[in-house]
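I have placed the structure first, in the form of structure tokens, so that the comments after it can refer back to it.
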Amino acid sequence: MSFHMHLRATAANEVSEDFSSLHDFMWIAWEDHQQEYAAGIADSIEKDFGHVHELYTMGADHGDATNAASTLPVFGGRHIHSPTKDQPPFVLLNPAEVRGVAEFLRTVSFDERWQTAGTEPSQPYIGWEDKNAAKNIFLGYHNDLRTFYERAALSGRTVIKAFWY
């Protein structure tokens, strides 16, 4: 079973506030994910997105975790729930929030965040031969998110997040 956080940048006027419309839009985007990823308008994280969120938000006494934008890259934003609340909500970031996330990701030190996080994000990777495997995986997530949000911010886009289970 796979778990994915799927991000899609789009023009604000193309975003519906309706769960069903968002589901249809994001499902089509997910089906075209490889092309959209190559075009720089989509990104995704498989399984580890909760740990990525923790990486950005833990350790409030270490500076940037007190920045409101630190909560936005993964789970933050306005939630649009299904009418029956039996599916994960879609999450929307408006262009101003996208700019805030882009600035946060541009200025946050990945190495400092990783050091603050300690061994928590590495737990699923214990026993791997490469001792830096987990750090390299999370650095890849960080770099991809930074690039994605920077592109979205520069083009004044809204970001829609879907959580596929």
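The values are calculated or read from the model by the stated rules, or taken from the named source; none is laboratory data. Fair warning: this is a prediction, and the values are worked out from it, not measured in the lab. So basically every Cβ, Gly included, is an ideal-geometry build from the backbone, and we count neighbours across all protein chains shown.
When you scan segment 45-66, do you find a residue that is closer than 21 Å to E14 by Cα and among the charged types (D, E, K, R), even just one? Within segment 45-66, not a single residue is closer than 21 Å to E14 by Cα and among the charged types (D, E, K, R).
Residues in segment 85-107 that are part of a helix (DSSP H, G or I) and touching a helix residue (DSSP H, G or I) at 6+ places or on another chain (Cβ under 9 Å): P95, E97, V98, R99, G100, V101, A102, E103, F104, L105, R106, T107. Among residues of segment 6-50 being modelled with pLDDT of 95 or more and in contact with a Gly (Cβ under 9 Å, 6 or more places away or on another chain), the one that is nearest to E150 (Cα to Cα) is A9.
One residue stands out among those in segment 121-165 that are under 17 Å from the mean Cα position of the chain (by Cα) and among the hydroxyl-bearing types (S, T, Y): the one that is modelled with the lowest pLDDT, which is Y165.
Checked against (1) farther than 21 Å from A134 by Cβ; (2) free of Cβ contacts under 8 Å to residues at least 40 places away in the same chain, H6 meets all criteria but (2).
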